[in-house]
Amino acid sequence: MSDIIGKEPILIVGGFGSNYSLYNQLQQLLGQVSGRVVKVAPITLFEWSGVIASDSYGALLRVLDLAVRDILAEQHARKVILVAHSAGGVLCRIYLGDQPYGPRRLVYNGFNHVSALVTLGTPHTTTRLGRQGGLNQIAFVQARYPGAYWRFMHYISVMGRGIYGVQQGQPPERGAWQSYAMIDGSGEQWGDGVVPLTAGLLEGSRKVIIPGLRHDPRPDLPWYGTNAAIVRGWWEQVELALREPTQGQRT
């Protein structure tokens, strides 16, 4: 317990269409590997479902903001490390921002409470617009907060290189082709089966590519949270990044 005291806690933020219970195993493994307190933002499938109708992450932002404030108060910490999976990384980048978002013109200034953003299979860029796959939300952060936007913050983007998109291939390769093409315009490339490497490696971040990983838990290939060895593989890169000086200080 003494090793945990003084370390910034970690908050896991789930991906599109997920329920926070999906990340229980990752929470446990990351706690063991990092030696830090790890919580999961309580975002449910119900809240994600609302995005389809609203084309907005507004409701999710409120849940995320409360989760950040709760873990900081509980741990008596000033900053938290966000570990976000898939579209959860896009949600976090909106939360970090200082510009109005959505119909309610929400501003959370989350950069005040976060020391690092770690993304696992997050689509950071897109060549398309539309409600499908949260493309409009990706385009929003791409335009407003390009790359590793906050120079006083650590950004680490982790991507699996597990599936090459093939239009007429087997189901995993065909599904990857469709998803890559939707996000990036080109389906014939490597990625994690949902997000292509070209979109998942944030410009200016510490980029981590892990061979053989797919986007989410499936029986064919491991994902970012399958076991302690995989989690340790990318978390060690996070620890290295945290030891490095940032490019600037917030004034």
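The values are calculated or read from the model by the stated rules, or taken from the named source; none is laboratory data. The structure displayed is predicted, hence computed values, not measured ones. Cβ sites come from the backbone with ideal geometry, for glycine too, and all protein chains shown count toward neighbours. When the accessible area is computed, the model is the full protein with side chains, heavy atoms only, and any ligands, DNA or RNA have been set aside. Shrake-Rupley method; radii C 1.70, N 1.55, O 1.52, S 1.80 Å.
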*Any idea how far the Cα center of region 46-87 sits from the one of region 167-232, in Å?*
24
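Share of region 103-251's accessible area from carbon and sulfur, percent, 1.4 Å?
Numbers: 3490 of 7000 Å².
On region 103-251, the fraction of accessible area on carbon and sulfur atoms equals 50 percent.
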_Pair E203, N227: separation of 7 Å Cα→Cβ label points (nm)_ = 3.8
*Exposure ranking of S186, S56 by accessible area [1.4 Å probe, largest first]*: S186, S56
_Sequence-separation-based contact order of region 151-235, relative, with Cα cut under 8 Å and 6+ spacing, percent_ = 31
*asked:* Distances longer than 15 Å among the Cα atoms of region 60-125: what percent of all pairs is that?
replied: 51
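Anything in the chain that counts as a DSSP H helix reaching 24 Å or more along its axis (C-alpha) with Kyte-Doolittle mean of at least -0.5? List them, would you? Mind showing how you got there, number by number?
Working: long enough: 58-75 (26 Å, 0.77).
Membrane-span-like by this rule: 58-75.
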*Counting helices only, and only those DSSP H runs with n ≥ 4, report the 222 nm mean residue ellipticity of the chain as the sum of -39,500 (n - 2.57) divided by its residues, in deg cm²/dmol to the nearest 500.*
-11000 deg cm²/dmol
*Correct option for Cα Rg over 2.2 N^0.38 Å [calculated from the coordinates] among [x] 1.43; [y] 0.95; [z] 1.00*: [y]
*Let me see the pair-distance distribution of region 143-251: every alpha carbon pair, 5 Å bin width, integer percents in order.*
2, 13, 19, 19, 17, 14, 9, 4, 2, 0, 0
_Percent breakdown of C-alpha pair distances by 10 Å bin, ordered from the shortest bin, for region 41-188_ = 11, 38, 35, 13, 3, 0
*Out of the DSSP beta bridges found with both residues in region 117-227, what percent are antiparallel (nearest 5)?*
25
*Rolling a 1.4 angstrom probe over the protein heavy atoms, how many square angstrom per residue are accessible across region 66-220?*
42
*Starting from the Cα gyration tensor of region 192-247, take the square roots of the eigenvalues, sort them a ≥ b ≥ c, and report rounded, prolate or oblate (rounded when a/c is under 1.5, otherwise prolate if a/b is larger than b/c, else oblate).*
oblate
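When the chain is fully extended, how far beyond the present Cα-Cα distance does E239 get from A53, taking 0.36 nm per residue of separation?
Details: separation 186, 0.36 × 186 = 66.96 nm, distance 3.88 nm.
Additional length available on full extension: 63.1 nm.
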*State, to one decimal in nm, how far the label point of N19 lies from the label point of Q178, with both points 7 Å from Cα in the Cβ direction.*
2.5
*Beta bridges by DSSP in the chain, antiparallel share as percent, to the nearest 5*: 15
*So for the pair R105, K7, with labels modelled 7 Å out along Cα→Cβ, what separation do we get in nm?*
4.3
*So if we plug the beta-carbon distance of T44 and Q168 into 1/(1 + (r/R0)^6) with R0 = 25 Å, what FRET efficiency do we get, rounded to 0.05?*
0.10
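What shape does region 11-88 take by its C-alpha gyration tensor, where a ≥ b ≥ c are the square roots of the eigenvalues and a/c under 1.5 counts as rounded, a/b above b/c as prolate, and the rest as oblate? Don't jump to the answer; show the numbers that get you there.
Values: a/c = 2.67, a/b = 1.53, b/c = 1.75.
Oblate, because a/c is 1.5 or more while a/b does not exceed b/c.
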